[in-house]
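Data block below; observations after.
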Amino acid sequence: MKGAIMEDPILHFVKFNLQIFALSWLVLAYLYKVYQILRLPWSREVAPHKGSREMGVVYSYSWLFLPWSMESTRQHLWRWLEFAVYHLGAGAAILATFTIPFAPSLMTRDVNLTMAIIVTGAFVMGILKLQRRIVSPDLRLVSTPDDYFSLASVEVFFLFTVMALITGSPGWMKAYFITTAAFLFYVPFSKISHYVQWFFARAFFGLRFGGRGIITPGRMES
């Protein structure tokens, strides 16, 4: 209790009040986005069912964790590893926004260091992603300002996360939580929100091709 009373009032505000307000906004924005998706017309499947729609959905989601199941990831395993490290670090950075203020007893020195290492891996992969988008003529052709801004801003978020976890200083903590809140407001309007559509896309894919018998344990090519 004494530590909470003596905490920097600005740091306390950005860790709790600002975070809760920003998170509430994000939830409402995503609920509206999901509502819009559910209102879209679904094409009727006319092909006769030859397989399991339920297993099709299971296999559709499992491909994310089974890179050898698809030709594209088998031939480009490094890209899958880059994807895995990047998103694992993003998950750790997001998780810390909850554990630091609401479960501080879990954030021991070893836990902080482990999470910082994971996020550092994502930071390195993010640099490679940004460099490839700048250098590759094909990627430059299809890139928008939002692509560059999203990648660069996530790198800043990763950097602040690592410094906050390693140092625990009020200055880095403020930078980390202010950046987190800014992301919560910005993400619904950016391409970062693609993961909402991802869940629907994989479910639709599994239902469609699982029902047609195309997705089976012995045939997982895509």
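The values are calculated or read from the model by the stated rules, or taken from the named source; none is laboratory data. Owing to the predicted nature of the structure, the values given are computational and were not obtained by experimental measurement. Cβ: placed from backbone, ideal geometry, glycine included. Neighbour counts: every protein chain shown.
Selection of segment 28-41 for residues being in contact with a helix residue (DSSP H, G or I) (Cβ under 8 Å, 6 or more places away or on another chain) and more than 17 Å from Leu184 (Cβ to Cβ) yields only Ile37. Search segment 74-121 for residues being among the basic types (Lys, Arg) and at pLDDT below 95, and hand back the single one that is nearest to Phe158 (Cα to Cα). Looking at residues that are among the basic types (Lys, Arg) and at pLDDT below 95, I get Arg79. Among helices (runs of 4 or more DSSP H) entirely within segment 97-202, having at least 3 residues that are free of Cβ contacts under 8 Å to residues at least 12 places away in the same chain and in contact with a strand residue (DSSP E or B) (Cβ under 8 Å, 6 or more places away or on another chain) singles out no element at all.
In this structure, Ile37 does not qualify as hydrophobic (A, V, I, L, M, F, W, C), surrounded by 10 or more Cβ atoms within 10 Å (Cβ to Cβ) and free of Cβ contacts under 8 Å to residues at least 12 places away in the same chain.
Considering only segment 64-73, I want to know if a residue exists there that is at pLDDT 85 or above, of a type in the set (Phe, Trp, Tyr) and in a helix (DSSP H, G or I). Within segment 64-73 (the criterion being at pLDDT 85 or above, of a type in the set (Phe, Trp, Tyr) and in a helix (DSSP H, G or I)), the answer is no, since none of the residues qualifies.
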